[in-house]
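Each value in this text was obtained by applying a stated rule to the coordinates, not by laboratory testing. Computed from a predicted model, the values in this text were never measured in an experiment. Note that we place each Cβ from the backbone using ideal geometry, even for glycine, and neighbour counts take in every protein chain shown.
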Amino acid sequence: MAAKTLDYQKLLAHIAAEVARYQGQGQQASYIPELANRDPDKYGITLDFLDGSRYCFGDSEERFSIQSISKVFATAAAFGLIGDQLWERVGVEPSGNPFNSLVQLEYEAGKPRNPFINAGALVVADILLSHLRDPYAEMLGFMHELTGNSTIAYNKKVAASEFATGFRNASLAFLLKSFDNLHNSPRDVLDLYFHYCSIEMSCTELARAFHLFARRNQLNCQIPDLTSSQLKRLNALMLTCGFYDESGEFAFKVGLPGKSGVGGGIAAVYPGFYSVAVWSPRLNAKGNSILGMHTLELLTSKSKLSIF
């Protein structure tokens, strides 16, 4: 295995030096006021191999709001709970449009293209609201089981900030309700969705949580009880839909299943070998971390470890 022949600690340092030329480009997600308050020049990465070796660099232990990366965990939970019924309410195709598009949802009669755009994530939150006794506590419990760390929590200020300013998400929720694709109150669904997005984790915790998808076998967590086939499908969704309308670019340049969030985080997996998480808050026009994208492109190019 390549992990035994490469000095990954040195590699991460070299990559950090190489991507430094992009430092200062882009800006954090200022449309969520609490995210705009973070230092935009933070940078951390954790590379976590399934054989137990782990390599970290920079601000890898500092927690940040994982935002849309939470959609992977929520989708996994919903898939484990209701199986293929999930795909009757949300699709599996790339959107090719902005992640918060109202036009596409209207055009496609209220069935979101995939669970990683905002409309799809709202449907997933609605499912969890209907099927879990306490969807707030049980999602945190899921994160605690995956990471072995019971201190992971919601950032209530971030959740409140999103609820106060998330007018487009509110529009999506009410549009979904008009198509009978939400079974609960739009307000309740939005609150749960914003709380999931507000979960704070470090790169190291996020990389460890993504072992679920790198291993491709279930961990006997309370939620979800996923088969290897279901995990394979979730990896396929991450590859094709995990980076908004920049998913093709990520697959082309990086070659890993993964998911980004507007908090500046990216988590990805090389199934059977490793998971990796990188954080840098400055985003490009598509909502993806500029340094994070360049970091993972260099990681797979220099290590020659990708799925392609």
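General remarks:
- In terms of its alpha-carbon gyration tensor, segment 1-77 comes out oblate; a/c meets the 1.5 threshold, while b/c is at least as large as a/b.
- Segment 232-308 versus segment 78-127: alpha-carbon centroid distance in Å: 21 Å
- Too-long pairs where the Cα-Cα distance tops 29 Å, listed order kept, from LYS71/LYS286; LYS42/LYS156; LYS10/LYS156; LYS111/LYS232: LYS10/LYS156
- Extension gain, LYS286 back to GLU61 (0.36 nm per residue minus Cα-Cα distance, nm): 78.4 nm
- Estimated at 0.36 nm per residue, the fully extended path between ALA170 and GLU108 surpasses their Cα-Cα distance by 20.5 nm.
- Base-10 log of normalised Debye intensity for segment 2-303 (one unit scatterer per alpha-carbon) at q = 0.09 Å⁻¹: -0.38
- Packing, taken as the mean count of other beta carbons within 10 Å per residue, orders the peptides 105-111, 275-281 from highest to lowest as 275-281, 105-111.
- The chain - charge dipole about Cα centre, Lys and Arg +1 at Cβ, Asp and Glu -1, debye rounded to 20: 500 debye
- Approximate spin-label separation HIS14-PHE308, in nm, with each point projected 7 Å along Cα-to-Cβ: 2.2 nm
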